[in-house]
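Structure, as structure tokens:
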Amino acid sequence: MMLTRRGLLRLGGALGAACLAGCGDRQRWHALDIAGTLPPLQFQMTRARDQRLVSERDYRGQIVALYFGYTFCPDLCPTTLANLASVLQGMGNEAQRVAVLFVTVDPERDTLPVLASYVRDFAPEIDGLRGTPDQLTALARRYRVAFSVTPRTNDRPYEVDHSSAIYVFDGARSARLLVASLSTSAPDLEGTRSDLARLAHEQAPSGILAWLRDAV
Amino acid sequence: MSERALPRSPLPTGRVSRSALAYGAIGLAGFALFTVSQFRPALMPLWGPFEFSWWEYLAAALATYWYACGLASAKDRPSLWRQAGFFVGLLLIYGSLQTHFDYAAQHLFALNRAQQILVHDLGPFLLALSAPATTIATGTPGWVRACAGSRAARAVLDLLARPVVASLLFVGVFYFWLIPPIHFHAMLDARLYEVMNASMVLDGLLFWLMVLDPRPQPPARWSIATRAGMAFGVMTPQTLLGAVVTLAPRELYPSYTLCGRLFPIDAMTDQHLGGLVSWIPPLLITAAAVLILLWRVMRNSDTAHPDIQRSAR
């Protein structure tokens, strides 16, 4: 009886390992895998660097890292952007396939020139985006982002709350990863770099499906 | 549902144009909300939907309209208290899903819990307490009643409206959406989020309409003792869940941290609060149901509301 039970345990272990190996040919991501939850990238905003109205179509085929913040942000945003910049630097030439979109949640104070000069200081791959209240609300709602701006009153400083994660989309506009560590004191720079590089190496979907997707 | 020979509405034909007008107004108002929500979301006032849902809007609007029609043509109207119970219950459900409270509930676990308890417990509890079946049935167009009375609808109801099944669903649906990976998905995926809300409302209605059915047993299918047993039976799992979430030593629901909280409070504080919200109010509501049933037994339940017929929900 004992032997049988042990045998069963072993069999179970072997089966479990086989399953893990089977599922494991899709090796794990360093960031949080959110494939299939959030909708594909879609937005319309004004790009700070050339003051043009841009949308997801302007970033077709690129890996997009979407991040919400504001230029007066005391700690979270500069930390995150500086970490992102060093991730991009570590990617070498592959960084050209990555676009970082920094969306301001405080368009009142973040005018286009302010925004453009702010992101330029971090890395050339970072684009500052500024939307009308409607454009910003639609984008934040689409990606379940919390943001609120509380203008200064006599007894309270100007306060802006916003999400801390980076939303990563693949070359086919699908939402793939949530990177949470870059605003913390223990940023996973190497993990983020390898995740972005892996996405950049993925075969872009081709054929009629990809065509349909782009047409929509 | 197939088209069938429809029983004629009891409403006089002069009302037809008025009801067409009402349906038109409901449709137009829905379209206006949809348009603003879709294209000018920043203009939407706080009482308007953060994310417009045709299902949630139409269910609330039609229930209101049909109940109002029922009130207008009923021979003996339900008491003002019961009318108030209906409208307040409906308003709680609609208001927690289709106003900007929904934005707050998406971004704070404690408020998400409050929202889910409003749509699963308090709202349906008040609706059921108002025993709206007769009034709604009077105001409902014939073809809807035919659908609700069809063999398929009856078969589904026969299956679900059993004490054990309804109690297991009542606890199970609430538990299911709190399984951490499922909660995470539901909070990110807007489609799943809508499924979650709809399942909570329907499940709450099923349970509370059964438990609080005001009729004595011959027309009602289950005795008051059985129904008091249902309410009593769900208290232990409710307590257990509340305790597990409140006392969990680590963060179970990270979506709120990742997408940002409504205001900067600590993740664990939020989770403790959310656990308490899932623990105490549902328990109080269930206890209130048990007390109401006991009270009905004590004042000889067969004199209660002779006007109420079999609830068709």
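Find the residue count for the stretch A:130-146, including only residues that are under 16 Å from B:Met44 (Cα atoms), at the interface with chain B (Cβ under 7 Å from one of its Cβ atoms) and touching a residue at least 40 places away in the same chain (Cβ under 8 Å). Count: 1. Pairing each residue of the stretch A:184-195 that is at negative phi and surrounded by 13 or more Cβ atoms within 10 Å (Cβ to Cβ) with any residue that is modelled with pLDDT under 90 and of a type outside the set (A, V, I, L, M, F, W, C), provided the two are 6+ apart or on different chains, yields C-beta distances under 7 Å for A:Pro187/A:Ser181; A:Asp188/A:Ser181.
Within the stretch B:230-257, if we keep just the residues that are away from chain A (no Cβ under 14 Å) and either at positive phi or crowded, with 20+ Cβ neighbours inside 10 Å (or both), the residue that is farthest from the chain's Cα centre (by Cα) turns out to be B:Val245. Restricting B:Gly275, B:Gly260 to those that are among the small types (Gly, Ala, Ser), surrounded by 17 or more Cβ atoms within 10 Å (Cβ to Cβ) and within 19 Å of B:Ile117 (Cα to Cα) reduces the list to B:Gly275.
Within the option set B:Arg215, B:Arg261, B:Arg227, being in a loop (DSSP other than H, G, I, E, B) and away from every other protein chain (no Cβ under 14 Å) holds for one residue only, B:Arg215. Screening A:Pro124, A:Pro113, A:Pro78 for residues that are farther than 18 Å from A:Ala31 by Cα, not in a helix (DSSP H, G or I) and not acidic (Asp, Glu) leaves exactly one candidate, A:Pro124.
Just give me the residues in the stretch B:230-258 being touching a residue at least 60 places away in the same chain (Cβ under 8 Å) and in a loop (DSSP other than H, G, I, E, B), in sequence order. Quick ask: steps written out before the conclusion?
Step one: list which residues in the stretch B:230-258 are touching a residue at least 60 places away in the same chain (Cβ under 8 Å), which gives B:230-231, B:233-234, B:237-238, B:241, B:245, B:252-256.
Result: B:Val234, B:Leu252, B:Tyr253, B:Pro254.
When each of A:Tyr118, A:Tyr67 is tested for being among the hydroxyl-bearing types (Ser, Thr, Tyr), outside any loop (DSSP other than H, G, I, E, B) and either under 16 Å from A:Tyr143 (Cβ atoms) or without any contact (Cβ under 8 Å) to a residue 12 or more places away in the chain (or both), the lone residue that passes is A:Tyr67. Filtered by the rule that a residue be under 21 Å from B:Ala198 (Cα atoms), touching a Ser or Thr at 6+ places or on another chain (Cβ under 8 Å) and of a type in the set (Ser, Thr, Tyr), the stretch B:20-75 gives a lone residue, B:Tyr67.
The values are calculated or read from the model by the stated rules, or taken from the named source; none is laboratory data. None of the values given here were measured: they were computed from a predicted structure. Note that each Cβ is placed from the backbone with ideal geometry, even for glycine, and that neighbours are counted across all protein chains shown.
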